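A quick write-up on the structure given underneath.
The values are calculated or read from the model by the stated rules, or taken from the named source; none is laboratory data. Everything quoted here is computed from the prediction, not taken from an experiment. FYI the Cβ positions are ideal-geometry reconstructions off the backbone, even for glycines, and counts take in every protein chain you see. In case anyone asks, the SASA skips ligands and DNA or RNA and just uses the protein heavy atoms, side chains included. Shrake-Rupley method; radii C 1.70, N 1.55, O 1.52, S 1.80 Å.
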Amino acid sequence: MSPRWEPNPDIRTGRHVAYNLHAHLVFVTKYRKEIFDDDMLKRCEEIMREVCGSFETELKEFNGERDHVHLLVHYPPKVALSKLINSLKGVSS
């Protein structure tokens, strides 16, 4: 290896691939009703982390307000983003 080359910890590698895929997801409550409190957001984050772990993805950031939550997900190319989102929405409801 070249001494000038320093590996970037954000770039994940596989056998034949190097990738850095992120998705910013926003889940909104129906009719934007303000139903989330701090306890619900903590539990929601735990659930989202479990689901991401089962898909071999990483939940980088989680943030929420009274009527929506934000997720920043780092995922491999073998994971279909639509399947991940369906699972996140299904389990969190």
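Axis of helix 81-92 versus longest Cα principal axis of the chain: the two differ by about 40°, to the nearest ten degrees. Solvent-accessible area per residue in the chain equals 74 Å², computed with a 1.4 angstrom probe and all protein chains kept. Tell me, what % of the accessible area of the chain is carbon and sulfur with a 1.4 angstrom probe? Heavy-atom surface of the chain belonging to carbon and sulfur, 1.4 Å probe: 50 percent. What is the sum of charges around Lys33, taking Lys and Arg as +1, Asp and Glu as -1, for the other residues whose C-beta is under 14 Å from the C-beta of Lys33? In short, -1. For Lys60, the residues 5 or more places off, or on other chains, whose built amide H falls under 5 Å of its own are Leu72, Val73, His74.
Each peptide in 24-33, 66-75, 5-14 receives the mean, over its residues, of other Cβ atoms within 10 Å, and ordering these scores from highest gives 66-75, 24-33, 5-14.
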